[in-house]
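Here the structure comes first, spelled out in structure tokens, and everything after it is commentary.
Just so it is clear, none of the values below were taken in a lab; they were calculated from the coordinates. Here the structure is a predicted model, which means the values were calculated and not measured. With ideal geometry, Cβ positions are generated from the backbone for all residues, glycine too; neighbour counts draw on all protein chains shown.
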Amino acid sequence: MVNGNGKPMKSKLSGFHQMNAEEKLELIKKFSDLTEEEAEVLKKTGALEMKKAEMMIENVIGTTEYPVGIATNFLINGRDYLVPMALEEPSVVAASSYAAKLARPRGGFTATSDEPVMIGQIQLVGIKDIKRAKEQIMLNKEKIFDIANKCDSVLVQFGGGVRDIEVREIDSSRGKMLIVHLIVDVRDAMGANAVNTMSERISPLLEEVTGGEVRLRIITNFADRRIARSKAVWDKNELGEEAIERILDAYELAANDQYRCTTHNKGIMNGIDAVVIATANDFRAIEAGAHSYAARDGKYKPLTKYYKDEEGNLVGEIELPLALGLVGGATKTHPVAKIAVKIMGVKSTKEMSEVVASVGLAQNFAALRALANEGIQRGHMRLHARNIAVTAGAEGEEVAKVAAKLAEGVEISVGAAKKILEELRN
């Protein structure tokens, strides 16, 4: 890339972080040869105003937006929910809503969740006497608790704080290591800030009592003490016995083949991530924890399971770690996230995780039902028709007309949309 004088521009931008958003954008405009129209798009920040965006991350030049849809029909533990979902992929919101509708006659979803417990890991190396180090850590357990809990008096006041401590010995190519697990109840927070602070604060004491050196002091996103579960029954008279058999066959492929299982679990995360993003929670942590949990026994397995009950109805269950937060972070600062939480109406992270798990189960059921019967692509592309119409050049009222014609036909593609548009305009 060259500047206005024809000289190459470098990505080493001295003082870039000290510029305001408008100055940064002007520099990026020159570097990337953005048009005035493209720069104006980045200036349109929507609900997340630029000043607030600059407080959230570094080097801000604009914001991006996802569509926010509402998944309907969810009945969870006897209560009705509307669930905001933010994503770009068509058919996900509709599929979740339809699956929830089909589950209602049999009571909807029954969900449970563990207490909001997270784990901080402190890595100790260079210990000469591993056995003695373990003993010393446990002898100083109460002192460790006291130091950690003083890091967050508000958390303790609301019933959270350190619950336990565990010590693991690990063999590595660099010698033996001790890994101390600090078990913390984080209440309605995701927990990373509190747990990381506690882990760092207790590290000097751990070095003192073990004679070792601390390396990493950080939360683990494998939140296997914070599991959410949901279960639903789909009536055989509604689904049809053949459809149930097809769904069970599809599930068995995922249960026995990693190639299919990866896509099976990705479909679950289509629903889960959409809710997590809508509420400005950390979807990367949720993804990492979910896939780690799927492989916890050494083989990558589905996060859901399906079987028939005594009456022949289809039963679906899901189980996965969900480390979500309602206090702190972007959930409390992002204006759309605050509204999304209000729409969902959840009062605790336990309740929220039960809703999110239920959405994941609904999304997975809907995908299996479509895959095992008509195939996923027909319904997906039918809902994608409006995007295809726009890609083909349709504008205004033309979009709905072209999309409707596409949905009626066999071929749903940009080529087909262009033909329909040409006919419409002629």
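Quick notes
- 21 Å tail of the calculated P(r), segment 183-254, as % of Cα pairs: 57 percent
- At q = 0.27, 0.33 Å⁻¹ the log10 of I(q)/I(0) for segment 276-320 amounts to -0.92, -1.07, computed by Debye summation with a single uniform scatterer per C-alpha, solvent ignored.
- Database remark: amide H of residue 71 closer than 5 angstrom to the amide H of 83, 85 (H placed geometrically; neighbours at sequence offset of 5 or more, or on other chains; Pro and chain starts carry no H).
- Magnitude of the charge dipole for the chain, about its Cα centre and with charges confined to Cβ atoms of Lys, Arg (+1) and Asp, Glu (-1), is about 780 debye.
- Estimated FRET transfer efficiency when R0 is 25 angstrom, pair residue 13-residue 333 (beta carbons, to 0.05): 0.40
- Look at the alpha carbon pairs under 8 Å that are at least 6 residues apart: their mean separation over the length of the chain gives a relative contact order of 17 percent.
- Entry note, the chain: the mean residue ellipticity at 222 nm calculated from DSSP H runs of n ≥ 4, each adding -39500 (n - 2.57), is -15000 deg cm²/dmol after division by the residues and rounding to the nearest 500.
- Computed over the chain, the percent of Cα pairs more than 37 Å apart is 41.
- Model label points for residue 131 and residue 22, set 7 angstrom from Cα along the Cα-to-Cβ axis, are 7.1 nm apart.
- Considering only 413, 387, 294, and ranking their Cα positions along the charge dipole of segment 292-426 that arises from unit charges at the beta-carbon of Lys, Arg, Asp and Glu, the one farthest toward the positive end is 294.
- Charge sum, other residues only, whose C-beta stays under 15 Å from residue 76's C-beta, Lys/Arg counted +1 and Asp/Glu -1: +4
- Stokes-Einstein D (µm²/s) once Rh is taken as the Kirkwood radius of segment 117-219 over alpha-carbon pairs, at 25 °C in 0.890 mPa s: 181 µm²/s
- Each listed q (0.12, 0.13, 0.19 Å⁻¹) maps to a log10 I(q)/I(0) for segment 225-356 from the Debye sum over equal C-alpha point scatterers, namely -0.54, -0.62, -1.07.
- Dipole magnitude (debye, nearest 20) for segment 1-65, charges at Cβ of Lys, Arg, Asp, Glu: 340 debye
- Averaging the Cα positions of each part gives two centres, and for segment 114-133 and segment 358-375 these lie 41 Å apart.
- Loop sites in segment 1-97: GluC sites (Glu not before Pro), DSSP, at most 10 other Cβ within 10 Å: 58, 88
- Over all distinct Cα-Cα pairs of segment 384-425, the Kirkwood formula returns a hydrodynamic radius of 9.4 Å.
- Net charge of neighbours whose Cβ lies under 12 Å from the Cβ of residue 311, counting Lys and Arg as +1 and Asp and Glu as -1: -1
- Taking θ as phi - 60° and the Karplus parameters 6.51, -1.76 and 1.60, the scalar couplings of segment 57-70 work out to 9, 9, 6, 5, 10, x, 9, 10, 10, 10, x, 10, x, 10 Hz in sequence order, x denoting glycine and proline.
- Sorting 263, 333, 210 from the fewest to the most surrounding beta carbons within 10 angstrom yields 263, 333, 210.
- Nearby lysines by direct alpha-carbon distance to residue 51 (threshold 24 angstrom, same-chain neighbours under 8 apart not counted): 24, 29, 30, 43, 332, 338, 342
- Simple rule: put +1 on each Lys or Arg Cβ and -1 on each Asp or Glu Cβ in the chain, find the dipole, and look at 355, 316, 16; the Cα lying farthest toward the positive end is 16.
- Alpha-carbon centroid distance for the pair segment 42-110 / segment 278-315, whole angstrom: 20 Å
- Sites residue 174 and residue 142 - FRET efficiency at Förster radius 35 Å, r taken between beta-carbons, to 0.05: 0.65
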